[in-house]
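Step one of this worksheet: look at the structure below.
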Amino acid sequence: MPALILDGKKLAAQIEAELAEQVADFIENNGREPCLAAVLVGDDPASGVYVKNKRLACERVGIESQLHCLPAATTEEDLLELIAQLNSDDEVSGILVQLPLPSQIREQKVLDAVHPLKDVDCFHPENVGLVVQGRPRYLPCTPHGCVQILHRYGLGAAGKHVVVVGRSEIVGKPVAAMLAQKESHLGPASCNATVTLCHSRTSNLPEICRQADILIAAIGKPKFVQGDWIKPGAVVIDVGINRLPDGLVGDVDFDSAKEVASAITPVPRGVGPMTITMLLLNTLAAARAQVA
Ligand code: GUN
């Protein structure tokens, strides 16, 4: 039987509807809107699309947004100056620096400069540390989107073998940490997994993937994970967004995978829309944290 398609776009719309009510309450109680400041350096077309989608999502739920566009030749010093201004601007609840940054700018230096309370991407080392210790202030957006998809489809992770392919700071490492925790804000069924974190130097990758009850692909290689790497009945979460000449594809070969998995996220309409919705949740949380 072909796999159940895990519709991230539909879930994101449901969560946005819940969030719009919470944003309206926040505005009524505080007399101001939560505000997301997005910083875009250079003219990478994909980054431009992501930032536009984030701004549109803010609009849909009543969050104000600012866009700060800087030229590709911007110096690290100038970008740090902008971050410092946004850090001290009481109107700004959350700051999002769209990655990647041009090569003359040290990404880590910039991400470290965002005030931890305004770090709605959850990239600051203080916030990453809190996630790893199981006492998160904010949750990283894409990992949180993956966990929400599992939770809202009733697919528990507790006791399951989760195999994560890809050890990035943005997805692989934090999603592995979150799913291995004892506790989650979504309840004990949404964590307590046995997690294997694989990467480009892993030996016998297909064999390890075949042991997964839940397989999370976040390696950034188009159609990398094949159907015969998947255990029959496993759940597959495809985090990849790869632009090929004939459109967007994930890190999983969807056509072969859907014949083996019991459930799978598509690309597009899978994890991507959930990532943006999780950013909105963090922006409201940041606004609340700054009036508290
Ligand atoms: N570039 C690719 N993914 C992300 C993300 O989640 N946040 C930011 N800021 N940039 C990205």
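The values are calculated or read from the model by the stated rules, or taken from the named source; none is laboratory data. Everything quoted here is computed from the prediction, not taken from an experiment. Glycine also receives a Cβ, built like all others from the backbone with ideal geometry; neighbour counts cover every protein chain displayed. Note: areas computed on protein heavy atoms with side chains; ligands, DNA, RNA excluded. Shrake-Rupley method; radii C 1.70, N 1.55, O 1.52, S 1.80 Å.
Miscellaneous remarks
- Gap separating the Cα centres of the stretch 229-292 and the stretch 56-76, nearest whole Å: 23
- Mean silhouette area of the chain, derived from the convex hull of its C-alpha atoms and averaged over all directions, reads 14.8 nm².
- Charge dipole of the stretch 78-198 about the Cα centre (unit charges at C-beta), most positive-ward option of Ala176, Thr196, Val114: Thr196
- Residue-normalised accessible area of the stretch 1-97, expressed per residue, 1.4 Å probe, Å²: 52
- Accessible surface for the stretch 140-292, divided over its residues, is 41 Å² per residue with a 1.4 Å probe.
- Solvent accessible area, Å² - Arg210, 1.4 Å probe, full protein context: 110
- Potential lengthening between Leu248 and Asn87 on full extension [0.36 nm per residue; Cα-Cα distance subtracted]: 54.4 nm
- Label-point separation in nm, Asp112 to Val49, each point 7 Å along Cα→Cβ: 3.3
- Placing a label point 7 Å from the Cα of Met1 along the Cα-to-Cβ line, the residues of the stretch 254-292 whose backbone N sits under 14 Å from it are 259-264.
- Filtered GluC sites (Glu not before Pro), the stretch 69-103: DSSP coil and at most 15 other beta carbons within 10 Å: Glu91
- Estimated 222 nm signal from helices in the chain, with DSSP H stretches of n ≥ 4 weighted -39500 (n - 2.57), rounded to 500: -12500 deg cm²/dmol
- Of the residues Gly154, Ala292, Val271, the one whose Cα sits farthest toward the positive end of the charge dipole of the chain, with +1 on the Cβ of Lys and Arg and -1 on the Cβ of Asp and Glu, is Gly154.
- For the set Ser88, Ser262, Ser190, solvent exposure ranked by accessible area (probe 1.4 Å, protein chains only) runs largest to smallest as Ser88, Ser262, Ser190.
- Screening the chain for DSSP H helices whose Cα atoms reach 18 Å or more along their own axis and whose mean Kyte hydropathy is at least -1.0 gives 8-30, 45-61, 271-291.
- Long-range lysine pairs (8 or more apart or interchain), the chain, Cα under 23 Å: 26
- Note on Arg60/Ala289: beta-carbon distance plugged into 1/(1 + (r/R0)^6) with R0 of 25 Å gives a FRET efficiency of 0.65.
- Accessible surface of the stretch 1-43, 1.4 Å probe: 50 percent of it comes from carbon and sulfur atoms.
- Ligands, DNA and RNA left out, the accessible area of the stretch 183-258 computed with a 1.4 Å probe is 51% carbon and sulfur.
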